[in-house]
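Engineer: Pasting a structure below so you can have a look.
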Amino acid sequence: MSTPLRIAIITGSTRDGRFGPTVADWIRRQAAERAELELDLIDLVETPLPTTFPAFGQSLPEADAELLAAVKPRIAAADAFIVVTPEYNHSFPAPLKNAIDWHNAEWHAKPVGFVSYGGISGGLRAVEQLRLVFAELHAVGIRDTVSFASAWEKFDAEGEAVDPAAATAAKSMLDQLTWWALALKEAKAIRPYGS
């Protein structure tokens, strides 16, 4: 591959004291071992987005447009995504949904891998709902996920996963994500995607 695939890793939680950065940094290190990938970590705390949408046909206020301009080009430039999400009340965080909803065509015909964490379910119920949302946006959800039940017990003090099965799961998800990213990128080069 002459040009690396651009993978945006989106940290979906903005809660104070969140565990998300530990999980996001871990999957970033897993992905960084692959020379064919170029990574962009998008942390929704560092890149907040407006929460009020303008009326149809109306322009964004300047301050909101500036917030969106810090994220939209990065989403558009990505060939694929890894969404790192906790589970809140059997779903995913509101700031993550907000970030998804501010974009549309930027998601089209691109694959999305999921890394989830939480209590007993490991965030898998959040992932199941995210699959529906991304399908509506013409994105391809990767089947295999990485999930951490009781996540705070699954990482050591340096932020490394203590169970070797986590790296195996990450490899499987990244293999699929890379395959889909390349396949869709090549297909779109021949025939632009229309929805």
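Engineer: Of Ser172, Ser13, Ser59, which is the most mobile in a GNM of the chain whose springs link Cα atoms less than 10 angstrom apart?
Structural biologist: Ser59
Engineer: Ranked highest first by average number of other Cβ atoms within 10 Å, how do 67-77, 47-57 line up?
Structural biologist: Highest to lowest by the protection proxy: 67-77, 47-57.
Engineer: With a 1.4 Å probe and every protein chain left in place, work out the accessible area per residue of the chain in Å², rounded to a whole number.
Structural biologist: Value for the chain: 51 Å² per residue.
Engineer: Right, here's the next one. Give the cross-link partners of Lys97 among the lysines, using a straight C-alpha distance below 22 Å as the criterion and excluding same-chain residues fewer than 8 apart.
Structural biologist: Lys97 reaches Lys72, Lys110.
Engineer: Helix-only mean residue ellipticity at 222 nm, the chain, DSSP H runs n ≥ 4 weighted -39,500 (n - 2.57), per residue, nearest 500. What is it?
Structural biologist: The helix-only estimate for the chain comes to -12000 deg cm²/dmol at 222 nm.
Engineer: List the longest stretch of the chain that has no exposed loop site; here a site is one of the GluC sites (Glu not before Pro) assigned by DSSP to anything other than H, G, I, E or B, with at most 16 other Cβ within 10 Å.
Structural biologist: Details: sites that count: Glu33, Glu36, Glu46, Glu158, Glu160.
Longest stretch, sites excluded: 47-157.
Engineer: Please list, ordered by chain and number, the residues whose modelled amide H lies under 5 Å from the amide H of Val83; skip anything fewer than 5 residues away on the same chain.
Structural biologist: Under 5 Å from the amide H of Val83: Ile10, Gly113, Phe114, Val115.
Engineer: Which percent of the accessible heavy-atom area of the chain goes to carbon and sulfur, probe 1.4 angstrom?
Structural biologist: Carbon-and-sulfur percentage of accessible area, whole number: 55.
Engineer: Which loop-located trypsin sites (Lys or Arg not before Pro) does the range 137-185 contain, where loop means any DSSP state but H, G, I, E or B and the Cβ has at most 15 other Cβ atoms within 10 Å?
Structural biologist: Answer in residue order: Arg143.
Engineer: Quick check: Cα centre of the range 14-86 to Cα centre of the range 112-180, how many Å?
Structural biologist: The range 14-86 and the range 112-180 have Cα centres separated by 17 Å.
Engineer: Still on this model: Which of these, Leu177, Leu44, Leu132, has the largest mean-square fluctuation under a Gaussian network model of the chain (Cα springs below 10 Å)?
Structural biologist: Among Leu177, Leu44, Leu132, the largest GNM mean-square fluctuation belongs to Leu132.
Engineer: What net charge is computed for the residues neighbouring Met173, neighbours being all others with C-beta under 9 Å from the C-beta of Met173, Lys and Arg scored +1, Asp and Glu -1? Intermediate values should be presented prior to the final figure.
Structural biologist: On the way: positive: Arg143, Lys171; negative: Asp144, Asp175.
That works out to 0.
The values are calculated or read from the model by the stated rules, or taken from the named source; none is laboratory data. Because the structure is a prediction, the values reported are computed rather than measured. Please note: Cβ atoms are built from the backbone with ideal geometry, for glycine as well, and neighbour counts cover all protein chains shown. For accessibility, only protein heavy atoms count, side chains too; no ligands or nucleic acids. Shrake-Rupley method; radii C 1.70, N 1.55, O 1.52, S 1.80 Å.
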